[in-house]
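Just so it is clear, none of the values below were taken in a lab; they were calculated from the coordinates. Just so you know, these numbers come straight off a predicted model, no measurement behind them. When we count neighbours, we look across all protein chains shown, and the Cβ atoms used for this are built from the backbone with ideal geometry, even at glycine.
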Amino acid sequence: MKHEESRLQQQCVAWFRAQYPQYAMLLTHPANEGNGNRISGAIHKAEGTVKGVPDLIFFVMSSRLVESIPATANECKAEHRTWVNGLGVELKTPKGSQSQEQKDFQKMFEAAGYMYVVVRRFEEFQEVMKDYVSYIPSFIGEKVLAVNAEIMKAAEDREREKFRKVVGRK
């Protein structure tokens, strides 16, 4: 990833984690850039790395807007939402373009029931994520909040136990 794209991605992730801490663990970057080493590349490929995967994947169900085309000239365009399993975000510079592998992955990702967007600006990422999160079903949001609270409590308990062990040794 180019440095400009990397900075954009870092800015987007930092904003998202601050804005939606309950979903922070569910927005992830699949590290598939490779380091130019043929051996590690072969190992990663054997482990399941796939070319074209988007820069960020948000593993939460939501719905997306779909416009239906009117059957006749007299009908109005109808808008409705359809469920999607998650969201892939490909980050590009203003002049950047998707590789063929990215275009192919996008087609497969969308065919499997996911939403995929190409984002070129931080503000565009904010708009996409605000809209996407606003249509997460409440029962999923509530479940995520509950699980997040459990995870945070368990992490606090582990830290307290580490502290007790350190203090107990002195």
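Computed over the Cα atoms of segment 3-64, what is the convex hull's projected area averaged over all directions, in nm²? Don't jump to the answer; show the numbers that get you there.
On the way: hull surface 22.6 nm².
Spelled out: convex hull of the Cα atoms, projected over all directions, averaged, 5.6 nm².
This model, with +1 at the C-beta of Lys and Arg and -1 at the C-beta of Asp and Glu, gives the chain a dipole about its Cα centre of some 880 debye.
Starting from 0.36 nm per residue, how many nanometres of slack lie between residue 122 and residue 162 once their C-alpha separation is accounted for? Numbers along the way, then the final one.
Details: separation 40, 0.36 × 40 = 14.40 nm, distance 3.92 nm.
That works out to 10.5 nm of additional length.
With the alpha-carbon atoms of the chain aligned to their principal axes, the span from lowest to highest coordinate is 82, 45, 30 Å, starting with the largest.
Over all Cα atoms in segment 72-161, the spread is summed up by Rg and Dmax: 18.8, 70 Å.
Taking label positions 7 Å along the Cα-Cβ direction at both residue 110 and residue 152, the computed distance is 3.7 nm, reported to one decimal. Extension gain for residue 64-residue 24 works out to 12.3 nm (0.36 nm per residue, less the C-alpha to C-alpha distance). Rounded to 0.05, the FRET efficiency of the residue 142 and residue 83 pair, given R0 = 22 Å and the Cβ-Cβ distance, is 0.80. When all alpha-carbon pairs of segment 104-149 are counted, what percent fall beyond 13 Å? So the pairs more than 13 Å apart make up 68 percent of the total in segment 104-149.
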